[in-house]
Amino acid sequence: MNEVLSDSKTYIEVFKEITQIKAFFATKNSSKPGWPFYNEELFAEVGLADAVHVGHWQTHSDNVQIITQEMVDRCRAGDFVLEYPDDIEEKKKFTSEEYNGGGILFLDSDGAITDIPGVLLTSMHADCIPLFFYDPVKQVIAMVHSGWKGTVKEIGRITSEKMQSVYGCKASDILVHIGPGISKCCFQVDKDVYEMFRDPSFTTKGIKYYIDLKHYNKRMLMETGITEEHITVSDHCTCCETDLFDSYRRDGSKQRMGGGICILPVVE
């Protein structure tokens, strides 16, 4: 079982049995409006108050960032690290005072990878699928936001391949948890979206079309060499479970839940 609800019901712990990392998915009891996901109380509750925070202005892209030691060193020295494509004009809006909590912020980005301890990779969600990656051999983590657009663009595949090409990870060593998100039962889409996937496991009911983002991501990741026994899938549906999750699809919520993963520093 790769998910355990905390006693406070503020988060679901992911990879609980793995002591080298801390990973979580926030419930509606610790969700926040706006972006990026930043909740100091929750970070303190999970023991990551001092971690370097990495967040994103998510755009349903296939952009996955590499967190470097230089970025982390700048952040720990008190700098605000803002990374963006050259054509993003909104960069002028951001200062260290405006970005809640400081840290490292990427514009036009939906995922990040690192092998540096004490760096908290986060993503924000209101139904879209969180992907948690961990390689226990190379000690590499990744956190990814994969909505239907990101899934079509295969951001999960890109993440797996970057872990292999940049960090030398072996696909057979990588563990993945596909976290809480909207499930097939609730994710009805128009025909044009349904046909972008062309997955025979998806269903139709008359003129209604239903897609399974969790299943599609699992199959995609397996195609990169990650073994089926190393991929776990959450049973939680953010749209169904009104007591535990906010949902944009269900009620247009502006609240955002957060996924997070961090390599814990070795205590000597």
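The values are calculated or read from the model by the stated rules, or taken from the named source; none is laboratory data. Note that the structure is predicted; figures quoted are calculated from it, not measured. Heads up, the Cβs are rebuilt from the backbone with ideal geometry, glycines too, and the neighbour counts pull from every protein chain shown.
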Residues of region 151-166 being out of contact with any Gly (no Cβ under 7 Å at 6 or more places or on another chain) and within 12 Å of Leu131 (Cβ to Cβ), in sequence order, are Thr151, Glu154, Gly156, Arg157, Ile158, Ser160, Met163
Matching residues in region 62-95 (buried (at least 21 other Cβ atoms within 10 Å of the Cβ) and either at pLDDT below 95 or more than 16 Å from His145 (Cβ to Cβ) (or both)) number 2
The lone condition Lys22 fails out of (1) of a type in the set (D, E, K, R); (2) out of contact with any Lys or Arg (no Cβ under 6 Å at 6 or more places or on another chain); (3) modelled with pLDDT of 95 or more; (4) assigned to a loop (DSSP other than H, G, I, E, B) is (4)
Restricting region 32-49 to residues that are in contact (Cβ under 8 Å) with a residue 24 or more places away in the chain and aliphatic (A, V, I, L, M), the one nearest to Ser253 (Cα to Cα) turns out to be Leu42
Filtering region 226-268 down to residues that are under 23 Å from Ile113 (Cα atoms), more than 17 Å from the chain's Cα centre (by Cα) and surrounded by 16 or more Cβ atoms within 10 Å (Cβ to Cβ) yields Ile226, His230
(message) Considering only region 128-136, I want to know if a residue exists there that is modelled with pLDDT of 95 or more, farther than 17 Å from Val14 by Cα and surrounded by fewer than 17 Cβ atoms within 10 Å (Cβ to Cβ).
(response) no
Filtering region 140-191 down to residues that are crowded, with 24+ Cβ neighbours inside 10 Å, small (Gly, Ala, Ser) and either free of Cβ contacts under 8 Å to residues at least 40 places away in the same chain or part of a strand (DSSP E or B) (or both) yields Ala142, Ser146, Gly181
Contact list, first residue from region 50-76 and free of Cβ contacts under 8 Å to residues at least 12 places away in the same chain, second anywhere and of a type in the set (Asp, Glu) and exposed (fewer than 15 other Cβ atoms within 10 Å of the Cβ), beta-carbon distance below 9 Å, six or more apart or interchain, is Asp73/Asp79
Checked Glu13, Glu45, Glu3, Glu17 against criteria (surrounded by fewer than 16 Cβ atoms within 10 Å (Cβ to Cβ) and of a type outside the set (A, V, I, L, M)); the one match is Glu17
